[in-house]
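The values are calculated or read from the model by the stated rules, or taken from the named source; none is laboratory data. Bear in mind the structure is a predicted one, so any value in this text is a computation, not a measurement. Reconstructed Cβ throughout: ideal geometry from the backbone, glycine too, with neighbour counts over all protein chains shown.
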Amino acid sequence: MPSRKTAALAAIVALLAFASLPGLAGSREPSQVQPITAAAFREVILAASGGRSTQAAIAPDAAYASSGRLDPSTTLTEPNRAGPPAAAPAERVAVKLPRLATTWDWKAPRYTMTGYATFYDDGTTAMRLPRGTVVVICGEHGCVDRVVNDYGPIKSSRVVDMYRPDFFRICGCGWWSGTTWVTVSIY
């Protein structure tokens, strides 16, 4: 049997818990939705200032308009020009732009090498160059510009190992091909 001191302490703790957390001690079911009666609402009448009606206070009048406002009858004129405004030009002024070439050029590469390229699925471009070197790899069906981020290929007869989608983008060959002839420009 617990001592009186332990029982009293447990009772105080329980009482404080119920007093500090009223949500937990209450009902677990939500209260019923009850409609609000119309008697709870009443009409409020506001007195209009200056003897004006509420309609006149709501409608804007000329006294509240800002100076310099524009309305449909406003005529715009150029500053420092007297007389009526000039008629609008019949057509827009043609703007003369310099003629630019329709193509663009890469800067000249530091080196160019040709050889066979292969592919692999590591998602990298591998060459025997330092990482971070920018290269443009061109094949029969186009070019891709990439950054070297791996070292390779291991076979000396190949110049670059490419990510599979890049390989087939420039190759123009079937899925059965394993190598293609490429030109690599090193920047």
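Which of the following residues is at pLDDT 75 or above and surrounded by 10 or more Cβ atoms within 10 Å (Cβ to Cβ): Ala38, Ala7? Lay out the reasoning, then the answer.
Working: Ala38 fails: surrounded by 10 or more Cβ atoms within 10 Å (Cβ to Cβ).
After applying the criteria, what remains is Ala7.
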Quiz item: When you scan the stretch 156-181, how many residues do you find that are of a type in the set (S, T, N, Q) and touching a Phe, Trp or Tyr at 6+ places or on another chain (Cβ under 8 Å)?
Solution: 3
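Select from the stretch 131-184 the residues that are among the basic types (Lys, Arg) and over 34 Å from the mean Cα position of the chain (by Cα) and write down the one among them that is farthest from Lys107 (Cα to Cα).
Initially, the stretch 131-184 is screened for residues among the basic types (Lys, Arg), giving 131, 146, 155, 158, 164, 169.
Add one more test, that the residue is over 34 Å from the mean Cα position of the chain (by Cα), and what stays is 155, 158.
Values: Lys155: 30, Arg158: 25 Å.
Selected residue: Lys155.
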